[in-house]
Amino acid sequence: MLKLWRWYQNCLSVHPVKTQVISSGILWGLGDIGAQAVTHSIKRNHPQLTQQKDKEFKINWKRVAITSMFGFAFVGPVGHYWYEYLDRYIRVRLQLQPKSLKFVAAKVAADGLLFGPLDLLIFFSYMGFASGRSVEQVKEDVKRDFLPALIVGGGVWPFVQVANFRFVPVRYQLLYVNFFCLLDSSFLSWIEQQGDAPWKQWFSSIGTLEKQKGQA
């Protein structure tokens, strides 16, 4: 295990972007396999939710490849530069002391308000188009999935990122996030696979009520 860690450190030193891209792609692919397993288990335990007769779990490798490509093409390269730039901006431009309360709070806020929503928007849009859906279908999918993912994720990621920005060196912050993305990608893939699940309608009803109040 120690040799593997040293090998990773060496790869990160020599090829930082390439290493982040490959590790992100692999972890997001594994996350999608996890999401498929969870979805299959739910359907098997609740047969009324599906007409599927095949009870054997079979991995949809096309979907794994699509999800993995999101890690390769977006999370890896964009995440690498995002954490580097965010750290430099807050240290140099805002002149906040590294690892101080204000420093960590500024990073968590920027990550949650900027990168988090953008990541969700691009993920659901990409998954829709990559699955062959039309523009209108993708818009409906994003409306359906974006708010539930943002609210649920918003209750978890700030705590993850507080520890990340406080204790983890910048060069390893994306790796740290990617390990949690192994769970997060499972979660996002699971949400995307749920379609028009009843629990999503609750979030939609909140948005509808707020809109009606505003109009009133």
> Of the accessible area of region 17-150, with the probe set at 1.4 angstrom, what percent is carbon plus sulfur?
Replying inline: 63 percent
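How big is the dipole moment of region 1-142 about its Cα centre under a simple scheme where the beta carbon of each Lys and Arg is +1, that of each Asp and Glu is -1, and everything else is neutral? Debye, nearest 20, please. Don't jump to the answer; show the numbers that get you there.
Working: 18 positive and 10 negative charges, 84 e Å.
Value, rounded to 20: 400 debye.
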> What is the extension gain from Phe159 to Leu113, computed as 0.36 nm multiplied by their sequence separation minus the C-alpha to C-alpha distance, in nm to one decimal?
Replying inline: 15.1 nm
> Quick one: accessible area per residue over region 1-159, 1.4 Å probe, rounded to a whole number of Å²?
Replying inline: 61 Å²
> Count of lysine pairs in region 1-149 with Cα atoms under 27 Å apart, counting only pairs 8 or more residues apart in sequence or on different chains?
Replying inline: 13
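By the scheme Lys and Arg +1, Asp and Glu -1, what is the net charge of all other residues having a beta-carbon under 12 Å from that of Gln9? Walk me through the numbers before you get to the answer.
Values: positive: Lys3, Arg6, Arg171; negative: none.
Charge balance in the 12 Å sphere: +3.
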>> What distance in nm separates the two pseudo spin-label positions at Arg88 and Leu121, each 7 Å out from Cα along the beta-carbon direction?
In response: 2.4 nm
>> Between Met1 and Arg133, what is the label-point separation in nm under the 7 Å Cα-to-beta-carbon projection?
In response: 4.0 nm
>> Give me the one-decimal nm value for the distance between modelled label points at Trp61 and Val168, 7 Å along each residue's Cα-to-Cβ direction.
In response: 3.1 nm
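The values are calculated or read from the model by the stated rules, or taken from the named source; none is laboratory data. Keep in mind that what you see is a predicted model, and the values were worked out from it rather than measured. Reconstructed Cβ throughout: ideal geometry from the backbone, glycine too, with neighbour counts over all protein chains shown. Accessible surface is based on the protein model in full, side chains and every heavy atom, while ligands, DNA and RNA are left aside. Shrake-Rupley method; radii C 1.70, N 1.55, O 1.52, S 1.80 Å.
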